[in-house]
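Heads up: the structure comes next, in C-alpha coordinates.
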Amino acid sequence: MTAKQHRIRFACAVAVATVTIGPAVRSAAAAPPAASTSSTSTESPVLAAYEPRTGRFLYAVNQAAATRGSISVYDTGAGHRLVKTIETVRDVDDVKGVVASAATGRLYVAYRTGSGVGMIYCLNIYDDAVLWNRAIDPDIDRLAIHPDGQLLYVPTWEGSSADFLNVVDASTGDIVRKVHFSNRLHDTLFPLSGPLFQETKAEDGSGKYLYLIDPQSYTVSRVGPYAGILGPYAVDGMSRYVVNNVIGLWGMQVAELKSGRIVTASLAEHPPGEPGLLHGIGWTPDEREVWQSSSADDPHIYVWSMRDPMAPVLAERVSMKSRRGAHWLTFDIEGNYAYVAPNKSSDDATEIFDAHTHKSLGLIGSSEDMIEIDFADGKVSRVGDQYGVGRVGRTSTN
(Lines give C-alpha, C1' and ligand atoms only; values in the text may rest on other atoms or scores of the structure.)
Protein backbone atom coordinates (compact mmCIF):
# COMPACT_ATOMS: atom_id res chain seq x y z
CA MET A 1 0.00 0.00 0.00
CA THR A 2 1.34 3.44 -0.95
CA ALA A 3 2.00 6.25 1.52
CA LYS A 4 -0.87 8.22 -0.10
CA GLN A 5 -3.27 5.33 0.48
CA HIS A 6 -2.17 5.11 4.11
CA ARG A 7 -2.86 8.83 4.61
CA ILE A 8 -6.32 8.44 3.15
CA ARG A 9 -7.00 5.39 5.34
CA PHE A 10 -5.73 7.30 8.35
CA ALA A 11 -7.99 10.28 7.65
CA CYS A 12 -11.05 8.05 7.48
CA ALA A 13 -10.18 6.33 10.76
CA VAL A 14 -9.74 9.62 12.60
CA ALA A 15 -12.97 10.98 11.18
CA VAL A 16 -15.24 8.13 12.16
CA ALA A 17 -13.78 6.02 14.97
CA THR A 18 -12.89 6.98 18.52
CA VAL A 19 -12.69 5.02 21.75
CA THR A 20 -12.50 7.01 24.96
CA ILE A 21 -11.94 6.33 28.61
CA GLY A 22 -12.81 8.44 31.59
CA PRO A 23 -16.15 10.30 31.87
CA ALA A 24 -17.35 9.18 28.44
CA VAL A 25 -16.62 5.46 28.77
CA ARG A 26 -18.43 3.32 26.21
CA SER A 27 -20.01 0.03 27.22
CA ALA A 28 -18.70 -3.21 25.77
CA ALA A 29 -21.75 -3.48 23.55
CA ALA A 30 -21.33 0.07 22.28
CA ALA A 31 -17.59 -0.08 21.66
CA PRO A 32 -16.83 0.41 17.94
CA PRO A 33 -14.70 -2.03 15.97
CA ALA A 34 -10.96 -1.51 16.30
CA ALA A 35 -10.64 -0.61 12.63
CA SER A 36 -13.60 1.37 11.33
CA THR A 37 -13.93 2.27 7.67
CA SER A 38 -16.16 4.82 5.99
CA SER A 39 -16.91 6.47 2.69
CA THR A 40 -16.57 9.83 4.43
CA SER A 41 -14.79 12.39 2.26
CA THR A 42 -11.01 12.38 2.62
CA GLU A 43 -10.55 15.95 1.48
CA SER A 44 -10.04 17.38 4.97
CA PRO A 45 -6.52 18.88 4.96
CA VAL A 46 -6.43 18.95 8.77
CA LEU A 47 -7.04 15.22 9.18
CA ALA A 48 -4.84 14.21 6.26
CA ALA A 49 -1.93 16.27 7.57
CA TYR A 50 -2.03 14.90 11.12
CA GLU A 51 1.12 13.11 12.25
CA PRO A 52 2.07 12.00 15.81
CA ARG A 53 4.96 14.43 16.31
CA THR A 54 5.05 14.10 20.10
CA GLY A 55 3.11 11.86 22.44
CA ARG A 56 2.50 8.34 23.68
CA PHE A 57 0.67 5.88 21.46
CA LEU A 58 -0.53 2.31 21.85
CA TYR A 59 -0.05 0.20 18.72
CA ALA A 60 -2.49 -2.69 18.99
CA VAL A 61 -2.54 -5.49 16.41
CA ASN A 62 -6.20 -6.34 15.91
CA GLN A 63 -7.35 -9.91 16.48
CA ALA A 64 -11.11 -9.60 15.85
CA ALA A 65 -12.14 -11.57 12.77
CA ALA A 66 -13.10 -8.57 10.63
CA THR A 67 -9.91 -6.58 11.22
CA ARG A 68 -7.31 -9.22 12.09
CA GLY A 69 -3.72 -8.21 11.34
CA SER A 70 -4.33 -4.47 10.95
CA ILE A 71 -2.93 -2.14 13.60
CA SER A 72 -5.05 0.35 15.53
CA VAL A 73 -3.15 3.28 17.04
CA TYR A 74 -4.51 4.90 20.20
CA ASP A 75 -3.38 8.18 21.76
CA THR A 76 -2.90 7.34 25.43
CA GLY A 77 -2.62 11.02 26.33
CA ALA A 78 -6.06 11.72 24.84
CA GLY A 79 -8.16 9.11 26.57
CA HIS A 80 -6.97 6.32 24.28
CA ARG A 81 -8.62 7.98 21.31
CA LEU A 82 -8.25 5.96 18.12
CA VAL A 83 -6.20 8.13 15.76
CA LYS A 84 -5.58 5.76 12.88
CA THR A 85 -5.77 2.18 11.69
CA ILE A 86 -2.93 0.82 9.56
CA GLU A 87 -3.77 -1.78 6.93
CA THR A 88 -0.85 -4.20 6.72
CA VAL A 89 -0.93 -7.61 5.00
CA ARG A 90 -3.55 -10.14 3.95
CA ASP A 91 -4.36 -13.63 5.22
CA VAL A 92 -3.56 -13.06 8.90
CA ASP A 93 -5.28 -15.93 10.71
CA ASP A 94 -3.51 -15.99 14.11
CA VAL A 95 -1.51 -13.05 15.48
CA LYS A 96 1.38 -14.39 17.56
CA GLY A 97 3.37 -11.38 18.76
CA VAL A 98 4.63 -7.83 18.22
CA VAL A 99 7.93 -6.07 18.89
CA ALA A 100 9.36 -2.68 17.93
CA SER A 101 12.66 -0.80 17.99
CA ALA A 102 13.21 2.87 18.80
CA ALA A 103 16.70 2.57 17.30
CA THR A 104 15.45 1.62 13.82
CA GLY A 105 11.87 2.91 13.86
CA ARG A 106 10.52 -0.47 12.81
CA LEU A 107 7.76 -2.72 14.13
CA TYR A 108 7.41 -6.47 13.56
CA VAL A 109 4.37 -8.71 13.78
CA ALA A 110 4.56 -12.51 13.85
CA TYR A 111 1.48 -14.31 12.56
CA ARG A 112 0.22 -17.53 10.99
CA THR A 113 -1.78 -17.63 7.78
CA GLY A 114 -5.00 -19.50 7.18
CA SER A 115 -3.00 -22.41 5.78
CA GLY A 116 -0.70 -22.50 8.82
CA VAL A 117 2.39 -20.78 7.40
CA GLY A 118 4.42 -18.84 9.97
CA MET A 119 5.15 -15.30 8.79
CA ILE A 120 6.62 -12.00 10.00
CA TYR A 121 6.00 -8.57 8.51
CA CYS A 122 8.14 -5.50 9.09
CA LEU A 123 6.50 -2.06 9.28
CA ASN A 124 8.21 1.32 8.99
CA ILE A 125 6.72 3.23 11.93
CA TYR A 126 7.31 6.61 10.27
CA ASP A 127 5.27 6.07 7.11
CA ASP A 128 3.28 2.88 7.91
CA ALA A 129 4.79 1.07 4.91
CA VAL A 130 5.27 -2.70 5.04
CA LEU A 131 8.96 -3.16 4.22
CA TRP A 132 8.94 -6.93 4.04
CA ASN A 133 6.64 -9.88 4.74
CA ARG A 134 8.32 -13.28 4.86
CA ALA A 135 7.71 -16.89 5.79
CA ILE A 136 10.04 -18.11 8.53
CA ASP A 137 10.94 -21.80 8.36
CA PRO A 138 9.59 -23.91 9.99
CA ASP A 139 7.16 -21.64 11.90
CA ILE A 140 6.83 -18.74 14.36
CA ASP A 141 5.51 -17.78 17.78
CA ARG A 142 5.79 -14.83 20.20
CA LEU A 143 9.09 -13.23 19.19
CA ALA A 144 11.63 -10.89 20.82
CA ILE A 145 14.01 -8.21 19.51
CA HIS A 146 17.55 -7.20 20.45
CA PRO A 147 17.80 -3.75 22.11
CA ASP A 148 19.74 -2.42 19.09
CA GLY A 149 16.96 -3.50 16.73
CA GLN A 150 19.21 -5.57 14.49
CA LEU A 151 18.14 -9.12 15.38
CA LEU A 152 14.86 -10.88 15.96
CA TYR A 153 14.60 -14.03 18.07
CA VAL A 154 11.84 -16.20 16.68
CA PRO A 155 10.54 -19.37 18.38
CA THR A 156 9.54 -22.20 16.08
CA TRP A 157 5.95 -22.56 17.40
CA GLU A 158 4.50 -24.42 20.38
CA GLY A 159 3.04 -27.07 18.06
CA SER A 160 6.27 -27.79 16.21
CA SER A 161 8.78 -30.57 16.83
CA ALA A 162 11.65 -28.26 15.77
CA ASP A 163 14.24 -28.10 18.54
CA PHE A 164 15.72 -24.66 17.90
CA LEU A 165 15.24 -20.91 18.08
CA ASN A 166 15.72 -18.89 14.88
CA VAL A 167 17.84 -15.75 14.98
CA VAL A 168 16.63 -13.48 12.18
CA ASP A 169 18.17 -10.42 10.52
CA ALA A 170 15.65 -7.69 11.36
CA SER A 171 16.45 -5.69 8.23
CA THR A 172 15.78 -8.52 5.74
CA GLY A 173 13.99 -11.41 7.46
CA ASP A 174 16.87 -13.78 6.69
CA ILE A 175 17.62 -16.52 9.22
CA VAL A 176 21.23 -16.05 10.37
CA ARG A 177 21.52 -18.61 13.16
CA LYS A 178 19.74 -21.49 14.90
CA VAL A 179 20.06 -22.12 18.63
CA HIS A 180 19.24 -25.74 19.56
CA PHE A 181 18.03 -26.81 23.02
CA SER A 182 14.36 -27.97 23.16
CA ASN A 183 11.21 -28.42 21.07
CA ARG A 184 7.78 -26.76 20.87
CA LEU A 185 9.27 -23.29 21.50
CA HIS A 186 6.64 -20.76 22.48
CA ASP A 187 7.22 -17.34 24.16
CA THR A 188 10.56 -15.54 23.73
CA LEU A 189 11.44 -12.49 25.83
CA PHE A 190 14.40 -10.08 25.88
CA PRO A 191 13.78 -8.14 29.12
CA LEU A 192 15.35 -4.82 30.06
CA SER A 193 18.50 -6.33 31.56
CA GLY A 194 18.69 -9.42 29.37
CA PRO A 195 19.56 -12.15 28.68
CA LEU A 196 17.19 -13.82 26.23
CA PHE A 197 14.51 -16.02 27.83
CA GLN A 198 12.61 -18.91 26.28
CA GLU A 199 9.71 -21.08 27.39
CA THR A 200 8.64 -24.27 25.60
CA LYS A 201 5.68 -26.64 25.60
CA ALA A 202 7.89 -29.72 25.26
CA GLU A 203 6.37 -32.85 26.78
CA ASP A 204 9.65 -34.76 27.09
CA GLY A 205 10.50 -33.11 30.43
CA SER A 206 12.36 -30.13 28.97
CA GLY A 207 9.16 -28.05 29.02
CA LYS A 208 9.40 -27.83 32.83
CA TYR A 209 12.42 -25.50 32.52
CA LEU A 210 12.82 -21.83 31.65
CA TYR A 211 15.79 -21.26 29.34
CA LEU A 212 18.26 -18.36 29.45
CA ILE A 213 20.29 -17.67 26.30
CA ASP A 214 23.37 -15.42 26.21
CA PRO A 215 22.76 -13.12 23.19
CA GLN A 216 26.50 -12.90 22.44
CA SER A 217 27.78 -16.46 22.88
CA TYR A 218 24.38 -18.19 22.51
CA THR A 219 25.26 -20.33 25.51
CA VAL A 220 22.07 -21.87 26.96
CA SER A 221 21.35 -22.38 30.66
CA ARG A 222 18.09 -23.17 32.41
CA VAL A 223 16.11 -22.76 35.63
CA GLY A 224 13.90 -25.52 37.01
CA PRO A 225 12.32 -27.95 37.05
CA TYR A 226 9.01 -26.22 37.75
CA ALA A 227 5.86 -28.00 38.90
CA GLY A 228 4.73 -28.54 35.32
CA ILE A 229 5.08 -27.38 31.73
CA LEU A 230 5.46 -23.62 31.63
CA GLY A 231 3.12 -21.03 30.19
CA PRO A 232 3.58 -17.26 29.84
CA TYR A 233 6.03 -15.57 32.19
CA ALA A 234 7.47 -12.15 32.96
CA VAL A 235 10.85 -10.92 34.24
CA ASP A 236 11.60 -7.99 36.54
CA GLY A 237 13.71 -5.01 35.44
CA MET A 238 17.05 -6.33 36.67
CA SER A 239 16.45 -9.98 35.73
CA ARG A 240 16.43 -11.10 39.33
CA TYR A 241 13.00 -12.71 39.50
CA VAL A 242 10.66 -14.32 37.01
CA VAL A 243 6.97 -15.09 37.54
CA ASN A 244 5.58 -18.09 35.69
CA ASN A 245 2.22 -19.56 34.80
CA VAL A 246 2.38 -23.34 35.02
CA ILE A 247 0.00 -25.85 33.43
CA GLY A 248 -2.20 -27.45 36.07
CA LEU A 249 -1.52 -24.86 38.78
CA TRP A 250 -4.09 -22.55 40.38
CA GLY A 251 -1.60 -19.79 41.10
CA MET A 252 1.93 -19.09 39.90
CA GLN A 253 5.54 -19.98 40.56
CA VAL A 254 8.31 -17.44 41.14
CA ALA A 255 11.98 -18.16 40.50
CA GLU A 256 14.97 -16.30 41.90
CA LEU A 257 17.23 -16.52 38.89
CA LYS A 258 20.60 -16.24 40.66
CA SER A 259 19.97 -19.09 43.10
CA GLY A 260 17.49 -21.09 41.04
CA ARG A 261 15.10 -21.22 44.00
CA ILE A 262 11.42 -21.62 43.04
CA VAL A 263 8.40 -20.90 45.25
CA THR A 264 4.70 -21.50 44.62
CA ALA A 265 1.99 -18.91 45.23
CA SER A 266 -1.32 -20.81 45.32
CA LEU A 267 -4.83 -19.45 44.94
CA ALA A 268 -6.76 -20.67 47.98
CA GLU A 269 -10.08 -19.66 46.40
CA HIS A 270 -10.59 -20.33 42.71
CA PRO A 271 -13.22 -21.65 40.30
CA PRO A 272 -13.97 -25.38 40.50
CA GLY A 273 -12.24 -27.89 38.26
CA GLU A 274 -8.81 -28.06 36.71
CA PRO A 275 -7.14 -24.75 35.81
CA GLY A 276 -5.55 -25.87 32.56
CA LEU A 277 -3.19 -22.96 31.95
CA LEU A 278 -3.71 -19.56 33.54
CA HIS A 279 -2.36 -17.49 30.69
CA GLY A 280 -1.55 -13.77 30.94
CA ILE A 281 0.89 -12.57 33.60
CA GLY A 282 2.93 -9.43 34.13
CA TRP A 283 4.73 -7.17 36.59
CA THR A 284 3.53 -3.64 37.04
CA PRO A 285 6.42 -1.40 35.90
CA ASP A 286 7.10 -0.36 39.52
CA GLU A 287 7.26 -4.09 40.41
CA ARG A 288 4.94 -3.68 43.38
CA GLU A 289 2.41 -6.08 41.89
CA VAL A 290 2.02 -8.98 39.51
CA TRP A 291 -1.26 -9.29 37.61
CA GLN A 292 -2.33 -12.77 36.52
CA SER A 293 -5.14 -13.98 34.25
CA SER A 294 -7.36 -16.80 35.40
CA SER A 295 -8.79 -19.72 33.42
CA ALA A 296 -10.49 -19.22 30.07
CA ASP A 297 -13.98 -18.97 31.63
CA ASP A 298 -13.14 -16.98 34.76
CA PRO A 299 -13.61 -13.21 34.23
CA HIS A 300 -11.11 -12.18 36.89
CA ILE A 301 -7.56 -10.97 37.18
CA TYR A 302 -5.61 -11.92 40.29
CA VAL A 303 -3.38 -9.16 41.67
CA TRP A 304 -0.44 -10.26 43.79
CA SER A 305 1.50 -7.98 46.14
CA MET A 306 5.22 -8.48 45.45
CA ARG A 307 6.64 -6.62 48.46
CA ASP A 308 8.68 -9.79 48.97
CA PRO A 309 9.03 -11.36 45.50
CA MET A 310 9.61 -14.80 46.99
CA ALA A 311 6.50 -14.59 49.19
CA PRO A 312 3.68 -13.16 47.03
CA VAL A 313 0.43 -12.23 48.76
CA LEU A 314 -2.89 -12.14 46.92
CA ALA A 315 -4.08 -8.54 47.20
CA GLU A 316 -7.21 -8.37 45.04
CA ARG A 317 -9.36 -10.16 42.53
CA VAL A 318 -10.36 -7.75 39.75
CA SER A 319 -13.52 -8.37 37.69
CA MET A 320 -13.67 -7.94 33.91
CA LYS A 321 -16.62 -6.49 32.00
CA SER A 322 -16.61 -9.31 29.44
CA ARG A 323 -17.66 -11.94 32.00
CA ARG A 324 -15.25 -14.25 30.21
CA GLY A 325 -11.59 -15.04 30.70
CA ALA A 326 -8.46 -13.18 29.59
CA HIS A 327 -5.56 -14.48 27.53
CA TRP A 328 -2.89 -11.78 27.88
CA LEU A 329 -2.06 -8.59 29.75
CA THR A 330 0.53 -5.85 29.66
CA PHE A 331 1.12 -2.30 30.90
CA ASP A 332 2.10 1.08 29.54
CA ILE A 333 5.69 2.17 30.18
CA GLU A 334 4.84 4.58 33.00
CA GLY A 335 2.64 2.03 34.77
CA ASN A 336 -0.60 4.00 34.65
CA TYR A 337 -2.63 1.55 32.58
CA ALA A 338 -3.12 -2.20 32.47
CA TYR A 339 -4.37 -3.67 29.20
CA VAL A 340 -6.23 -6.96 29.65
CA ALA A 341 -6.92 -8.86 26.44
CA PRO A 342 -9.81 -11.28 25.91
CA ASN A 343 -9.52 -14.92 24.94
CA LYS A 344 -7.39 -15.67 21.89
CA SER A 345 -8.78 -14.44 18.54
CA SER A 346 -11.96 -13.22 20.26
CA ASP A 347 -14.09 -10.33 19.05
CA ASP A 348 -14.47 -9.18 22.68
CA ALA A 349 -12.91 -5.83 23.52
CA THR A 350 -9.61 -5.34 25.32
CA GLU A 351 -10.23 -3.70 28.69
CA ILE A 352 -8.19 -0.84 30.16
CA PHE A 353 -7.66 -0.63 33.91
CA ASP A 354 -6.12 1.99 36.14
CA ALA A 355 -2.98 0.15 37.23
CA HIS A 356 -2.98 1.93 40.62
CA THR A 357 -6.64 1.77 41.65
CA HIS A 358 -7.52 -1.39 39.68
CA LYS A 359 -10.66 0.32 38.36
CA SER A 360 -11.93 -0.32 34.84
CA LEU A 361 -11.54 2.73 32.60
CA GLY A 362 -12.91 1.61 29.26
CA LEU A 363 -12.49 -0.57 26.20
CA ILE A 364 -10.55 -0.63 22.95
CA GLY A 365 -10.65 -3.03 20.02
CA SER A 366 -9.80 -6.69 20.54
CA SER A 367 -6.02 -7.12 20.76
CA GLU A 368 -3.51 -9.00 22.89
CA ASP A 369 -0.48 -7.96 20.85
CA MET A 370 0.08 -4.39 21.98
CA ILE A 371 3.12 -2.18 22.35
CA GLU A 372 3.56 1.45 23.37
CA ILE A 373 5.50 3.68 20.98
CA ASP A 374 6.41 7.20 22.12
CA PHE A 375 7.37 10.11 19.86
CA ALA A 376 9.37 13.24 20.63
CA ASP A 377 9.83 15.91 17.94
CA GLY A 378 8.72 13.48 15.25
CA LYS A 379 11.13 10.69 16.24
CA VAL A 380 10.45 7.44 18.06
CA SER A 381 11.86 8.10 21.52
CA ARG A 382 11.10 4.82 23.29
CA VAL A 383 9.04 1.68 22.95
CA GLY A 384 7.36 -0.56 25.49
CA ASP A 385 7.00 -4.33 25.49
CA GLN A 386 4.28 -6.80 24.64
CA TYR A 387 5.06 -8.52 27.96
CA GLY A 388 4.38 -7.08 31.39
CA VAL A 389 8.03 -6.57 32.29
CA GLY A 390 9.33 -4.87 35.42
CA ARG A 391 11.03 -1.52 34.92
CA VAL A 392 12.80 -0.86 38.23
CA GLY A 393 16.55 -0.31 38.03
CA ARG A 394 17.04 1.10 34.57
CA THR A 395 15.18 2.70 31.68
CA SER A 396 14.95 0.94 28.30
CA THR A 397 14.64 2.64 24.90
CA ASN A 398 14.94 -0.52 22.80
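The values are calculated or read from the model by the stated rules, or taken from the named source; none is laboratory data. Just so you know, these numbers come straight off a predicted model, no measurement behind them. Note: ideal-geometry Cβ built from the backbone for every residue, glycine included; neighbour counts use all protein chains shown. The accessibility values were calculated without ligands, DNA or RNA, using every heavy atom of the protein model including side chains. Shrake-Rupley method; radii C 1.70, N 1.55, O 1.52, S 1.80 Å.
Carbon and sulfur: what percent of the chain's accessible surface (1.4 Å probe)?
Summing carbon and sulfur atoms, their accessible area is 48 percent of the total for the chain.
Under the rule of at least 5 residues apart or a separate chain, name every residue whose amide H is placed under 5 Å from the amide H of GLY231.
The answer is ASN245, VAL246, ILE247.
What is the helix-to-structure angle for 3-16, meaning the angle in degrees between its Cα long axis and the longest Cα principal axis of the chain, kept from 0 to 90 and rounded to the nearest 10?
On a 0 to 90 degree scale, this one is about 90.
Under 5 Å between amide hydrogens, which residues at least 5 positions from LEU131 or on another chain qualify, with H placed 1.01 Å from N in the peptide plane?
The answer is CYS122, LEU123, ASN124.
Out of the GluC sites (Glu not before Pro) in segment 144-214, which ones are loop residues according to DSSP with at most 16 other C-beta atoms within 10 Å?
GLU203
³J(HN,Hα) across segment 307-314 via Karplus (A = 6.51, B = -1.76, C = 1.60, θ = phi - 60°), whole Hz, x for Gly/Pro?
In residue order, the calculated couplings are 3, 10, x, 9, 9, x, 10, 5 Hz.
Compute the distance from the alpha-carbon center of segment 261-329 to that of segment 74-135, in whole Å.
Rounded to whole Å, the Cα centres lie 28 Å apart.
Compute, for segment 100-181, the length of the dipole vector about the Cα centre, with Cβ point charges of +1 (Lys, Arg) and -1 (Asp, Glu) only. Units Debye, rounded to 20.
The calculated dipole for segment 100-181 is roughly 40 debye.
To the nearest 10 Å², what's VAL220's accessible area with a 1.4 Å probe?
50 Å²
Roughly how big is the chain's charge dipole about its Cα centre, with Cβ charges of +1 (Lys, Arg) and -1 (Asp, Glu), in debye to the nearest 20?
380 debye
Three principal axis extents, largest first, for the C-alpha atoms of segment 168-247, in Å?
39, 30, 19
Summing +1 for each Lys or Arg and -1 for each Asp or Glu, what net charge is found among the other residues whose Cβ lies under 11 Å from the Cβ of GLU289?
With Lys, Arg at +1 and Asp, Glu at -1, the neighbours total -1.
Could you derive backbone 3J(HN,Hα) for segment 361-377 from the dihedral phi with the Karplus parameters 6.51, -1.76 and 1.60 (θ = phi - 60°), listing whole Hz in sequence and x where the residue is Gly or Pro?
Ordered by residue, 3J(HN,Hα) equals 10, x, 10, 10, x, 5, 7, 10, 10, 10, 8, 7, 10, 9, 10, 9, 6 Hz.
If you count only protein heavy atoms and use a 1.4 Å probe, how large is the accessible surface of TYR209, to the nearest 10 Å²?
Ignoring ligands and nucleic acids, TYR209 comes out at about 40 Å².
Counting only Cα, what are the radius of gyration and maximum Cα-Cα distance Dmax of the chain, in Å?
So, for the chain, Rg and Dmax equal 19.8, 62 Å respectively.
I need the per residue convex hull volume for segment 58-163, using only the alpha carbons, in cubic angstrom as a whole number.
Hull volume normalised by residue count: 111 Å³.
What shape does segment 280-398 take by its C-alpha gyration tensor, where a ≥ b ≥ c are the square roots of the eigenvalues and a/c under 1.5 counts as rounded, a/b above b/c as prolate, and the rest as oblate?
Verdict is oblate for segment 280-398.
Can you bin segment 102-184 into rounded, prolate or oblate? Criterion: square roots of the alpha carbon gyration tensor eigenvalues sorted a ≥ b ≥ c, rounded for a/c under 1.5, prolate for a/b above b/c, oblate for the rest.
Oblate, because a/c is 1.5 or more while a/b does not exceed b/c.
Going from most exposed to least, what order do TRP250, TRP157 have by accessible area with a 1.4 Å probe?
I get TRP157, TRP250, largest accessible area first.
Which of LYS84/LYS321; LYS96/LYS208; LYS208/LYS379 have a Cα-Cα distance over 32 Å?
In this structure, LYS208/LYS379 lie more than 32 Å apart at Cα.
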